[in-house]
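S.K.: Take this structure first; my questions come after.
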Amino acid sequence: MSKILITGGAGYIGSMLCTKLLQEGHSVTAVDLLKYDKGSLNHLYFNKKFKLICDDIRKVSLMKKLIRQHDIIIPLAALVGAPLCEKFKKDALSTNLGSIKTLCKLATKKNKIIYLTTNSGYGIGEKNKYCDENSPLKPISLYGRTKCDGEDLVKSKIKNFVCFRLATVFGHSYRMRSDLLVNNFVYTTVKKKKLTLFEPHFRRNFIHVRDVVNAIIFTMKNFNKMKNNVYNLGLSSANISKIMLAKKIKNQYKKLQIKIVKNRKDPDKRDYFVSNKKIEKKGFKAKISLEEGISELIQIFTNDKNKVINNY
Ligand SMILES: NC(=O)c1ccc[n+]([C@@H]2O[C@H](COP(=O)([O-])OP(=O)(O)OC[C@H]3O[C@@H](n4cnc5c(N)ncnc54)[C@H](O)[C@@H]3O)[C@@H](O)[C@H]2O)c1
């Protein structure tokens with residue numbers, strides 16, 4: 001069993017990951033400032049193999065001690081999303097990139113690093129572009145740039161790493177995010193019964209948060225065959241446009257009205273088809289469908305208004 005350090009362990013992905021890794025018998029230390037949901041790890045404190053350190057990952061002395069004590073490091077702590085990073089530029093740089101620089105200085109060959117970045121820099125301004133891991137990344141936001149620069153650092157400085165370029169994540173987590181596209185569309189559907197779409201044919205790739213967790217566990221089990229590589233990580237059947245997504249939601253929520261607005265531009269210029277073949281060839285395939293995710297999200301937003309938490 002491994003000793004695992006997860007920064008941002010109380011977050012949307014982190015809280016689901018900590019839970020599953022403990023269920024699998026690993027020892028997990030989470031470091032998190034609990035910026036959003038203070039209760040997302042409440043269900044784990046009973047477990048003797050779990051520890052939360054409520055502190056700032058930018059403290060070098062803290063990270064030095066923790067990196068030495070753990071085998072696997074999964075750095076998730078970040079200011080996540082373009083609007084949040086625009087609002088807090090200095091913190092975005094020091095958290096998203098500064099902490100990765102520190103990690104690269106402190107990690108030894110004993111450490112295995114699994115780093116999550118975003119595929120959002122693919123396909124910018126190019127309609128229906130097909131993207132694999134060799135396609136150029138052209139991030140337009142500060143958020144995207146910090147994550148791409150973080151990936152470059154990890155690739156050049158870390159001895160044992162796996163990087164994932166994630167699709168947009170959806171589904172339930174102990175720390176909910178309703179600013180992610182699928183989650184947001186379902187939340188708006190339940191609240192307003194109406195979705196207003198602009199640039200409705202822009203295509204994106206999506207993945208359920210439990211499939212992200214499953215991919216990380218698969219990577220830990222198959223580290224030697226996966227290592228020192230970058231992989232796109234998304235659900236291959238979920239390379240779909242905003243209008244297709246809205247129609248999938250309407251299939252399950254008949255009262256929904258979909259309104260298309262012309263002459264309004266989406267500031268997010270992604271319009272792409274992302275290939276996940278590289279990781280699928282290694283033996284991992286995301287499986288949880290958009291339909292399953294939409295169904296659980298309808299229940300959540302209908303029954304619990306406290307689950308509406310945005311990052312900005
Ligand atoms: N959710 C997605 O769609 C998605 C897609 C691509 C990549 N990612 C990456 O996955 C990672 C996790 O994303 P998420 O969706 O879980 O985000 P999140 O905002 O839910 O989680 C981030 C966590 O980091 C913590 N944090 C922030 N600054 C900190 C600091 N200085 N010290 C300690 N803790 C701090 C926050 O309290 C929060 O719990 C991020 O690195 C993100 O870039 C996420």
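The values are calculated or read from the model by the stated rules, or taken from the named source; none is laboratory data. Here the structure is a predicted model, which means the values were calculated and not measured. Methodologically, a virtual Cβ is constructed for each residue, glycine included, from the backbone with ideal geometry; neighbour enumeration extends over all protein chains shown. Remember, those area values only see protein heavy atoms, side chains included, never the ligands or the DNA or RNA. Shrake-Rupley method; radii C 1.70, N 1.55, O 1.52, S 1.80 Å.
S.K.: Take the alpha carbon atoms of segment 2-106, find their radius of gyration, then divide it by 2.2 N^0.38 Å using N residues; give the quotient.
M.R.: On the way: Rg = 13.4 Å, N = 105, 2.2 N^0.38 = 12.9 Å.
It is 1.04.
S.K.: Could I ask something else about it? Grab the beta carbon distance between Y45 and K282, set R0 = 22 Å, and tell me the FRET efficiency rounded to 0.05. Mind showing how you got there, number by number?
M.R.: Details: r = 35 Å, r/R0 = 1.60.
It comes to 0.05.
S.K.: Which semi-axes, in whole Å and largest first, does the equivalent ellipsoid of segment 94-181 have when worked out from the alpha carbon gyration tensor as the square roots of 5 times its eigenvalues?
M.R.: On the way: eigenvalues 116, 63, 32 Å².
Equivalent-ellipsoid dimensions as semi-axes: 24, 18, 13 Å.
S.K.: I need the calculated FRET efficiency for the pair S61 and N224, taking r as the beta carbon distance and R₀ as 41 Å, to the nearest 0.05.
M.R.: Numbers: r = 32 Å, r/R0 = 0.79.
The calculated FRET efficiency here is 0.80.
S.K.: Starting from 0 in steps of 5 Å, tell me what percent of the Cα-Cα pairs of segment 80-232 lands in each bin.
M.R.: Answer for segment 80-232: a P(r) of 2, 8, 15, 18, 21, 18, 11, 4, 2, 1, 0 percent.
S.K.: Here's another thing I want to ask about it. Could you give the angle, 0 to 90 degrees to the nearest 10, between helix 12-23's Cα long axis and the longest principal axis of the Cα atoms of the chain?
M.R.: Taking Cα atoms only, the helix is inclined about 50 degrees.
S.K.: More than 33 Å apart: what percent of Cα pairs in the chain qualify? Could you put the intermediate results ahead of the total?
M.R.: On the way: 10019 of 48516 pairs.
Everything past 33 Å amounts to 21 percent.
S.K.: Working from the pairwise distances between different alpha carbons, so that the mean of 1/r is found and then inverted, what is segment 166-312's Kirkwood radius in Å?
M.R.: Details: mean 1/r = 0.0618 Å⁻¹.
Radius from the Kirkwood sum: 16.2 Å.
S.K.: Quick one: which residues, 5 or more positions from T196 or on another chain, have an amide H under 5 Å from its amide H? H modelled 1.01 Å from N in the peptide plane, none for Pro or chain starts.
M.R.: Answer set, sorted by chain and number: K259.
S.K.: Find the relative contact order for segment 181-251 and round it to a whole percent, using C-alpha pairs within less than 8 Å whose residues are 6+ positions apart. Walk me through the intermediate numbers first.
M.R.: Details: 44 pairs, mean separation 34.0, N = 71.
It rounds to 48 percent for segment 181-251.
S.K.: Can I ask one more? Treating the angle as unsigned and between 0 and 90°, give the value, to the nearest 10°, between the Cα long axis of helix 60-69 and the longest Cα principal axis of the chain.
M.R.: Between helix and principal axis, roughly 80 degrees.
S.K.: Suppose a student asked you for the relative contact order of the chain, using Cα pairs under 8 Å spaced at least 6 residues apart; what percent would you report?
M.R.: On the way: 622 pairs, mean separation 61.2, N = 312.
Reported relative contact order: 20 percent.
S.K.: Okay, next question. Taking a probe of 1.4 Å, how large is the accessible area per residue of the chain, in Å²? Each step should come with its number before you reach the end.
M.R.: Details: 14180 Å² over 312 residues.
Accessible area per residue, the chain: 45 Å².
S.K.: Over segment 147-202, what portion of Cα pair distances is larger than 18 Å, expressed as a whole percent?
M.R.: 56 percent
S.K.: Okay, next question. For C54 paired with K192, estimate the spin-label separation in nm (one decimal), with each label point 7 Å from Cα along the Cα-to-Cβ line.
M.R.: A separation of 3.6 nm, rounded to one decimal place.
S.K.: While we're here: Past 18 Å, Cα to Cα, is the threshold; run K65/K112; K225/K277; K138/K277 against it and keep the listed order. Present the calculation step by step, with values, prior to reporting the outcome.
M.R.: Working: K65/K112 16 Å; K225/K277 15 Å; K138/K277 21 Å.
Listed pairs above 18 Å: K138/K277.
S.K.: Any chance you could look up the accessible area of D55 with a 1.4 Å probe, heavy atoms only, rounded to 10 Å²?
M.R.: Estimated to the nearest 10 Å², D55 gives 40 Å².
S.K.: As an exercise, find the ratio Rg/Rh for segment 224-302 from alpha-carbon atoms, using the Kirkwood inverse-distance average for Rh.
M.R.: With Rg and the Kirkwood Rh in hand, the quotient comes to 1.07.
S.K.: If you don't mind, there's one more thing I want to ask. Please give the length that would be gained between S295 and M1 if that part of the chain were fully extended, namely 0.36 nm times their separation in residues minus their C-alpha to C-alpha distance (nm, one decimal). The partial results should precede the final answer.
M.R.: On the way: separation 294, 0.36 × 294 = 105.84 nm, distance 3.47 nm.
Gain in length upon complete extension: 102.4 nm.
S.K.: Separate question: Could you put E86, E296 in order of accessible surface area, largest first, with the 1.4 Å probe and the full protein assembly present?
M.R.: Largest to smallest exposure gives the sequence E86, E296.
S.K.: Not counting ligands, DNA or RNA, and with a 1.4 Å probe, what is C104's accessible surface area in Å² rounded to the nearest 10?
M.R.: That residue has around 20 Å² of solvent-accessible surface.
S.K.: Ok, one more. Go through H201, H172, H70 and list them by solvent-accessible area, largest first, probe radius 1.4 Å. Walk me through the numbers on the way to the answer.
M.R.: Numbers: H201 130, H172 50, H70 10 Å².
Largest accessible area first, the list is H201, H172, H70.
S.K.: Shifting gears a bit: Compute the long axis of helix 181-192 from its Cα atoms, compare it with the longest principal axis of the Cα atoms of the chain, and write down the angle in degrees, 0 to 90, nearest 10.
M.R.: 50 degrees
S.K.: Next up: Calculate the all-directions average of the projected area of segment 47-107's alpha-carbon convex hull, and give it in nm².
M.R.: Details: hull surface 19.6 nm².
In nm², the orientation-averaged hull projection of segment 47-107 is 4.9.
S.K.: Considering only DSSP beta bridges whose two residues both sit in the chain, what percent are antiparallel, to the nearest 5? Intermediate values should be presented prior to the final figure.
M.R.: Details: 4 of 41 bridges.
Percentage antiparallel, nearest 5: 10.
S.K.: In addition: Explain nothing, just the number: dipole magnitude of the chain about its Cα centre with +1 on each Lys and Arg Cβ and -1 on each Asp and Glu Cβ, in debye rounded to the nearest 20. Don't jump to the answer; show the numbers that get you there.
M.R.: Details: 61 positive and 25 negative charges, 26 e Å.
My answer is approximately 120 debye.
S.K.: Accessible area, 1.4 Å probe, largest first: how do L33, L79 sort? Please list the in-between numbers first.
M.R.: On the way: L33 75, L79 5 Å².
Putting L33, L79 in descending order of accessible area: L33, L79.
S.K.: Segment 56-125 to segment 21-41: how many Å between their Cα centroids?
M.R.: Centre-to-centre distance over Cα atoms comes out at 16 Å.
S.K.: Ignoring any ligand, DNA or RNA, what whole percent of the accessible area of the chain comes from carbon and sulfur when the probe is 1.4 angstrom? Provide the component values of the computation, followed by the final result.
M.R.: Working: 7410 of 14180 Å².
Percent of accessible area from carbon and sulfur atoms in the chain: 52.
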